[in-house]
Structures are given as structure tokens and as C-alpha cells.
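The values are calculated or read from the model by the stated rules, or taken from the named source; none is laboratory data. Just so we're clear, the structure is a prediction, and the values are computed from it rather than from any experiment. FYI the Cβ positions are ideal-geometry reconstructions off the backbone, even for glycines, and counts take in every protein chain you see. Heads up: the accessible areas ignore ligands, DNA and RNA and are worked out on the full protein's heavy atoms, side chains in. Shrake-Rupley method; radii C 1.70, N 1.55, O 1.52, S 1.80 Å.
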Amino acid sequence: MAESETDRRSSSRHARTRDPLSIDEKISRTLKDLEATTSEAVAELFAEVTAAMESERQALIEGGAADERERSQKAKELRDRWLARKGGLVSMIDENWLKPASKELKPGVGRAFNELRRRAAALETDRLIQDVPVRGGAAALPQQATLKFGAGVPSLKITEAATDLTLPGFRRPLGSIHPVTQVMREIEEIFLGLGFAIESGPEIESVYYNFDALNIPETHPARDDWDTLYVNSETVLRTHTSPVQIRAMEKHGAPLYIICPGKAYRHDNPDSTHATMFHQVEGLAVDTDISFADLKGTLDYFARKFFGDKIKTNFTPSFFPFTEPSGELSISCVFCGGEGCRVCKESGWVEVMGCGMVHPEVLRHGGIDPDRYSGWAFGLGVERFAMMKYDINDIQLFQQGDVRFLEQF
Ligand SMILES: [Zn+2]
């Protein structure tokens, strides 16, 4: 093996100090025996050990092996010499240098030891085998590489096997952002652009915030066991993101412009349009002089931003306990352009979200004076938006984790 810079450095040091000890002999003594009482001396010892380890590894790599059996054997020998649990050089350094080190030196010795152990991982048999060429294959060319060592240890130049850059690399499959997350972010972007802020709240929610504060009396069918997943009689998995509206009103007061994206849970039988867990985005605007015209204008703008300028919007009356009056927003069918098709059930319109003016009782529960302030709110299902945007006909696909489905987005 050609003399490397490392060897030259250490041999000149040996000549200067007439140091008679081999690296093995040094490792079998304590720091005290070696008279290494300063952190500089310790750093120098670790630098020597590291250089010795690297040069032995390099010798193996440059020497190569006649066949795979010899390669395995040589790799195992070098591995055992350094890494064997009993009698390996690394564990001897632990025993002889680290454990008996003085209180002052110990932190530095510990750091240098950890760094050595990290680098010694390159001597694990399976890694060595990858680096050692079997003769007949392409020869590994030595190449100079500068490596930085840990704090206090001078940097050394060592030789490293050249990497053959013409070999194909390892390809790791790239993931993508889940379509539900993509759609949720798109909705958030539009409302952030309108000056709304994002609010979040707990998914395990009290009955008060999930129902009572939203003007949903105990007699309302949504409070039936069929729809709600109860944790206990006072706690539920929130059936909608609306409780966040109450929490935000309590926290910030009026005026308030927020959206609440998040998960909701229902005790529904899974089918192509129902899932036990799904995502919602709710919006709430509270200010003085807020009217239904503000609601219509904002949601019309949002629907065009999301589904494209060509769509038309239409509001129809509806009922929700937490809004008065309540409405539903429909858009002209994105699949047939309003002509009528399977998706829109031949009507040309698709209902996309519920909305309305916030019920005065709900404002009051949020600590806001309904005589001074008014507000509007909406709630939409993110999966439903994603299904319409990407023409997906089964909500279950979002949660099945099938890569063939997910990699299309
Ligand atoms: Zn249609």
C-alpha cells in the first residue's frame, strides 16, 4: 500500500518522540499510564486510533480479495479486531480509556469515544463487503479526502476508496402529498388570501362545545347514538369542526374571520360516500354589519377560485340549528357543465356545502353580543371536494393507503 499522508504524519511524530508503543499497546493501557492528562493529549490519541482504523480499512479495500469467501473472511477479521464485544479495540478503549478517565477528562473522552464508535460502524462486515472489490472486478482507486473530526481533534487527511460515479444509484420511491391534504391546503390558501386566519381545536370534545353551545338541543337527531361516537356521557369525538368556532369566539372575541380545518368523526356505516373519519373546513366571519350578501359574495368567489371561473353558484334554503337563516350552496355540475349527468343526478347542480347567518344564541354562547355583531358561517367536507375535483367515486379510497391510487396525485 502506498504511504498515505496520514502515515507520513504519524511516522514523523513517532520519529520525533521515539514513541515505541504500537496502537494496540496504547489501547491496552490507561490514559494515566500513557501520561495523557490534557484534553489535547487525549485528542491526539483518538486521532491516532482513528487514523489507524482508517488505514487498516483502506488496506483491506485496496488489497481486495481473490474471491467472495476470502472477502467475507478478511472483512470479518477486521471487524472482529475492532468491534468484537469482548477484546475488540473499541471496547478496550471503553474499558481502559473512558471508564477510568479522570472527572475533568471524562466529558471530552466520552465525546471522542462516541465519534470513534460512529466512524467504526464502517467496519461492520456487511458494509466492508460492499467496499472490498473481488479481483477481476473494477479496481478501486485511492482518492484523497479531507474529513473533519470532533471538537478539539485536528482534521486529518485520509484516503478513501473512490466511488465509481458511473454505477447506477439506489432509487428510493418518492412519496406525494395525500389528495385530501392537497385539497385542504388549496382551500386554506384561498381563505388566507381573503384575510382569514386558521384556527384548530381538540378532536376529543365536550358535549357542551360539540352540541349545546351550537344550539343543538338534546332532542336533535345528531345527538342520537347512531351518529355520535361517545367517549363517555360528557365527551365525544367531535362530529364536526364547529366547536372550534365557539372556542375561537371565546378566545378572540369580535371581529373574527377564521377557518377551521380538521378531522371529524361520525358513527356512520362506511360506504362510497360515508367514512367514520373525514375532514371538514368551516369558516366563520363575525363583525358589525355582516349580511347574507357578504356570505354569498365570499362563497361565490371561493367556489370560482376552487372549481374554476366557468361554474355558476346557486343558494337554496336549508335548516341547521346553529344558523338562521340557513342555506346550501350548489355549483353547476363540473362534469357535464350543467347539462345533466350521473354525478348531478341529471339536475345540472351539485350541492357542495351548508352555510348561513350565525344564530344569535350561538354568538351569545361564544361571548359575543348579538345585538352589536352578526356573522356568517359555512362548513364543507374536504373529501367531497377532492372527489369532485379529481372525479373519484368512492370516499373509502382516501383511507385505504393503496399506493396505486395515491401516486396519481
Ligand atoms: Zn352533471
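General remarks:
- Put simply, of G367, G337 the only residue that is within 16 Å of the ligand (Cβ to nearest atom), at positive phi and touching a residue at least 24 places away in the same chain (Cβ under 8 Å) is G337.
- Scan of the stretch 271-299 for residues that are assigned to a helix (DSSP H, G or I), hydrophobic (A, V, I, L, M, F, W, C) and open to solvent by 40 Å² or more (accessible area, probe 1.4 Å), ordered by number: F292, A293
- Only listed residue being closer than 21 Å to H279 by Cα and in contact with a helix residue (DSSP H, G or I) (Cβ under 8 Å, 6 or more places away or on another chain), chosen from Y209, Y230: Y209
- Test: T316 is surrounded by fewer than 16 Cβ atoms within 10 Å (Cβ to Cβ), polar (S, T, N, Q), on the phi < 0 side of the Ramachandran plot and away from the ligand (no atom under 13 Å from the Cβ): yes
- Residue check for G381: among the small types (G, A, S), more than 16 Å from the ligand (Cβ to nearest atom) and buried (at least 16 other Cβ atoms within 10 Å of the Cβ): yes
- When restricted to residues that are within 18 Å of A52 (Cβ to Cβ) and open to solvent by less than 40 Å² (accessible area, probe 1.4 Å), the stretch 95-137 contains 13.
Residue-by-condition table, conditions (1) among the polar types (S, T, N, Q); (2) touching a residue at least 60 places away in the same chain (Cβ under 8 Å):
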site	(1), (2)
A275	no, yes
V281	no, yes
L284	no, yes
T288	yes, yes
D309	no, no
P325	no, no
S330	yes, no
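- Applying the condition of being among the aliphatic types (A, V, I, L, M) and away from the ligand (no atom under 16 Å from the Cβ) to the stretch 342-364 and asking which residue is farthest from Y257 (Cα to Cα) yields M353.
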